[in-house]
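For reference, the structure discussed in these notes is given below.
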Amino acid sequence: RCAIGSQGERESALRSIQSEPYVLVIDIVSLLTFSALEALDVLAGLPARRCVAQSTIDLLEDEIVSQSVGKDGHKTLAATDDNKIAIGEVSADEVKRHVENLRALSDWVRKNCEIVPCKLALAMNRNEKDGLEEMLGIAFIDSILIAKESGGLLLSDDERLRSLAVSGHDVPGIW
């Protein structure tokens, strides 16, 4: 489920994107959401310096390689709306379409975004960084840190990630 935010959060998000130009750091979840909604052109049309963490691209590329290796179908687990677990088949054609979509997304990011390394992570306490990476994943913490270091906004569908970004790192978020 996607968080819609409180009235105050929505007003703050709107104010944030009205100051041009601004830096927008896009996390992997938002990239996948915009891609699935066939709305990447909306992102491309924003008057922002669009940035994606190098670790986000690495995650995307790793998934492409991982899915490309076993192009035959496989079984997958999924949760249903009534909190039951179902096992379903994923056909070879579905895997192929998934890989094609991921490749198209990777190409879109390379064409429309600046791929940025996370320099701020180098100055962090190693234990703190490792703990955050274990809790969130490297691509998510790097996205927060890049937004902090650039004075930008974090674009994330994940309300908890945005809350952590603003409370723990003074990084405003939008969705």
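The values are calculated or read from the model by the stated rules, or taken from the named source; none is laboratory data. Quick caveat: nothing in here was measured; it's all calculated off a predicted structure. For neighbour counting, all protein chains shown are included, and Cβ atoms are generated from backbone atoms with ideal geometry for every residue, glycine included. Ligands, DNA and RNA are stripped out before the accessible areas are found, and what is left, the full protein with its side chains, is counted by its heavy atoms. Shrake-Rupley method; radii C 1.70, N 1.55, O 1.52, S 1.80 Å.
In segment 28-62, how many residues are within 14 Å of the chain's Cα centre (by Cα) and assigned to a helix (DSSP H, G or I)?
19
So in segment 85-100, with the set limited to residues that are touching a Lys or Arg at 6+ places or on another chain (Cβ under 8 Å) and open to solvent by 90 Å² or more (accessible area, probe 1.4 Å), which one is modelled with the highest pLDDT?
Result: 96.
Note down all Cβ pairs under 6 Å where the first residue falls in segment 144-167 and is under 14 Å from residue 23 (Cα atoms), the second is hydroxyl-bearing (Ser, Thr, Tyr) and surrounded by fewer than 18 Cβ atoms within 10 Å (Cβ to Cβ), and they're at least six residues apart or on different chains.
If the second residue must be hydroxyl-bearing (Ser, Thr, Tyr) and surrounded by fewer than 18 Cβ atoms within 10 Å (Cβ to Cβ), the pairs left are 153/16.
Among (1) modelled with pLDDT of 95 or more; (2) surrounded by 10 or more Cβ atoms within 10 Å (Cβ to Cβ), where does residue 111 come up short?
Going through the list (1) modelled with pLDDT of 95 or more; (2) surrounded by 10 or more Cβ atoms within 10 Å (Cβ to Cβ), residue 111 breaks only (2).
Restricting to segment 84-116, give me the number of residues that are of a type outside the set (Gly, Ala, Ser), in contact (Cβ under 8 Å) with a residue 12 or more places away in the chain and part of a strand (DSSP E or B).
The qualifying residues number 6.
Provide a single number: the residues in segment 1-30 that are open to solvent by less than 40 Å² (accessible area, probe 1.4 Å) and at pLDDT 75 or above.
Result for segment 1-30: 8.
Hey, could you check segment 31-58 for residues that are of a type in the set (Ser, Thr, Tyr) and farther than 12 Å from residue 109 by Cα and say which is least open to solvent (accessible area, probe 1.4 Å)?
55
Does segment 117-143 hold any residues that are in contact (Cβ under 8 Å) with a residue 24 or more places away in the chain, of a type outside the set (Gly, Ala, Ser) and either more than 20 Å from residue 166 (Cβ to Cβ) or part of a helix (DSSP H, G or I) (or both), and which are they?
117, 119, 120, 136, 138, 140, 142
Does any residue of segment 115-123 turn out to be closer than 18 Å to residue 154 by Cα, open to solvent by 80 Å² or more (accessible area, probe 1.4 Å) and either modelled with pLDDT of 85 or more or under 21 Å from the mean Cα position of the chain (by Cα) (or both)?
yes
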